[in-house]
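Enquirer: My structure is below; once you've seen it, I'll send some questions.
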Ligand SMILES: *Cc1c(COP(=O)(O)O)cnc(C)c1O
């Protein structure tokens, strides 16, 4: 399988090249040359397959011969070493909990898969030069990436985050690992962090001496393994023999786009719902056909505060850029913080289930769709554990009595960061030492 750039002005590359580069030289996103079709026998027998078997079969066409079967099996076994439970909350409404990984975020799967693929390729190439993964984070990405790449040989991770603007748990996840992980605490906003990262990638005084790569959701190795969530859900819910609807709390649209890929590979899905917060570019686009991003609006579901979602070009490509075809599979709804909070409260009172703000947006989108389509069975994705968003959640549901193990482990750990205020301090880290 080869990958081409959606800007169409760069050469085709193999999977390993696409993973190492991240983005194509013409700044386009990589997209698989063809959409693999999984055989009828796979869909018929999926209930008998383990999650590792499902993952090997579904990922194999994408990695082609860049990873041998034994190594792929080892990688997915390691990546998927936690549960992906489906909890029925109401009749015909279930949540797929994607927060049981080491950083309690669904991004764990993509980050771990990418880390292990990259580690595999560097070893295969006998590369002795270290690769540095450089990322800016507003919260969840940094933790998942830090943890995913922790102690992977040949790779260093440098993370920039805005001082005082991530939650306590998120900060601990970024700053307490040590080893090959370095955290820069930037006196500024997430946009300042992002600007510094962009500048570093273009700074030849750094790139001449360090091989930099990114680990955001545009990387194919972070994007594609997310399609597995949908296959796991299909496996569990096939017995109901009802048309399935997936509602996905969406920001950069990587997760939902992976679900749509699973559908295009042969998985029966009636509809996808892209549930967004007050950043409404996509619902407006679905209504009008006009793509008009506005200024990003801050919300309590802050991992979805995105007004120009980077993966939406991939969603369009999956439907040959035809809005008519796309709208038969994709519905998009938006919800403000007021509605999100009310839903966290209501679902807690009625069903004794605690939603996180992102999951609450997903729940709302699902309920809106099911109202019009009562024949369907609905699944909304819970993308983060509510404990990561305590300031928004505790005023509604009260204090947490039992903290997850992943949080308890962090409690006694000491934060270790390099505080910076300006780009030159980041540059100095790369160019002055050694
Ligand atoms: C990243 C993130 C999202 C958005 O996912 P996309 O793939 O960018 O659409 C939703 N919820 C949480 C908790 C996240 O961390």
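Just so you know, all these numbers are worked out from the coordinates, no wet-lab data involved. Everything quoted here is computed from the prediction, not taken from an experiment. Cβ placement follows ideal geometry from the backbone for every residue including glycine, while neighbour counts extend to all protein chains displayed.
Enquirer: Dividing the alpha-carbon radius of gyration of the chain by 2.2 N^0.38 Å (N being the number of residues), what value is obtained?
Expert: Numbers: Rg = 20.8 Å, N = 434, 2.2 N^0.38 = 22.1 Å.
That ratio works out to 0.94.
Enquirer: Starting from the Cα of residue 168, step 7 Å toward the Cβ, then list every residue of segment 337-364 with an amide N under 19 Å from that point.
Expert: It comes to 357, nothing else.
Enquirer: So, in Å, what gap is there between the alpha-carbon centers of segment 120-191 and segment 355-375?
Expert: Cα centroid of segment 120-191 versus Cα centroid of segment 355-375: 33 Å apart.
Enquirer: Starting from the exponent 0.38 and prefactor 2.2 Å, build the expected Rg for segment 205-289 from its residue count and divide its actual Cα Rg by it. If you can, show how the numbers build up before the last one.
Expert: Details: Rg = 16.7 Å, N = 85, 2.2 N^0.38 = 11.9 Å.
Normalised Rg, Cα atoms only: 1.41.
Enquirer: Moving on to the next point. With a 10 Å Cβ neighbour count serving as the proxy for reagent exposure, in which order, fewest first, do 418, 104, 355, 410 appear?
Expert: Details: 418 15, 104 25, 355 28, 410 19.
Fewest-to-most ranking of 418, 104, 355, 410: 418, 410, 104, 355.
Enquirer: Based on the mean of other Cβ atoms within 10 Å per residue, sort peptides 134-140, 398-404 so the most packed one is first.
Expert: Details: 134-140: 24.3, 398-404: 10.4.
With the highest mean Cβ count within 10 Å placed first, the list reads 134-140, 398-404.
Enquirer: Related question: How high is the FRET efficiency between residue 48 and residue 191 when r is their beta carbon distance and R₀ equals 35 Å, given to the nearest 0.05?
Expert: The formula returns an efficiency of 0.10 here.
Enquirer: Given points 7 Å out from each Cα along the Cα-Cβ axis, report the residue 296 to residue 327 separation in nanometres with one decimal.
Expert: Calculated label separation equals 2.9 nm.
Enquirer: Students often check this: by mean Cβ neighbours within 10 Å, which of 268-274, 194-200, 86-92 ranks highest, and how do the rest follow? Don't skip to the end; give the middle numbers.
Expert: Values: 268-274: 20.4, 194-200: 18.3, 86-92: 13.6.
So the peptides 268-274, 194-200, 86-92, ranked by packing, come out 268-274, 194-200, 86-92.
Enquirer: Rounded to the nearest 0.05, what FRET efficiency do residue 351 and residue 414 give with R0 = 35 Å and r taken as the Cβ-Cβ distance? Could you check? Could the numbers behind the result be given before it?
Expert: On the way: r = 39 Å, r/R0 = 1.11.
The value I calculate is 0.35.
Enquirer: Out of all DSSP beta bridges with both ends in the chain, state the antiparallel percent to the nearest 5. Write out the running numbers ahead of the final one.
Expert: Details: 10 of 47 bridges.
Restricted to the chain, the bridges split so that about 20 percent are antiparallel.
Enquirer: To continue, here is another question. Quick one: check the C-alpha center-to-center distance for segment 22-101 versus segment 214-278, whole angstrom.
Expert: 10 Å
Enquirer: Would you order 35, 23 from fewest to most other beta-carbon atoms within 10 Å of each residue's own beta-carbon?
Expert: Numbers: 35 14, 23 20.
Result, fewest neighbours first: 35, 23.
Enquirer: Sort 214-227, 161-174 by the packing proxy (mean of other Cβ within 10 Å over each peptide's residues), most packed first.
Expert: Details: 214-227: 24.5, 161-174: 20.6.
Ranking, from highest mean packing down: 214-227, 161-174.
Enquirer: Another one. Please list, in order, the residues from segment 54-83 whose amide nitrogen is less than 17 Å from a point placed 7 Å along the Cα→Cβ vector of residue 37.
Expert: Of the residues in segment 54-83, 58, 61-62 have backbone N under 17 Å from the label point off residue 37.
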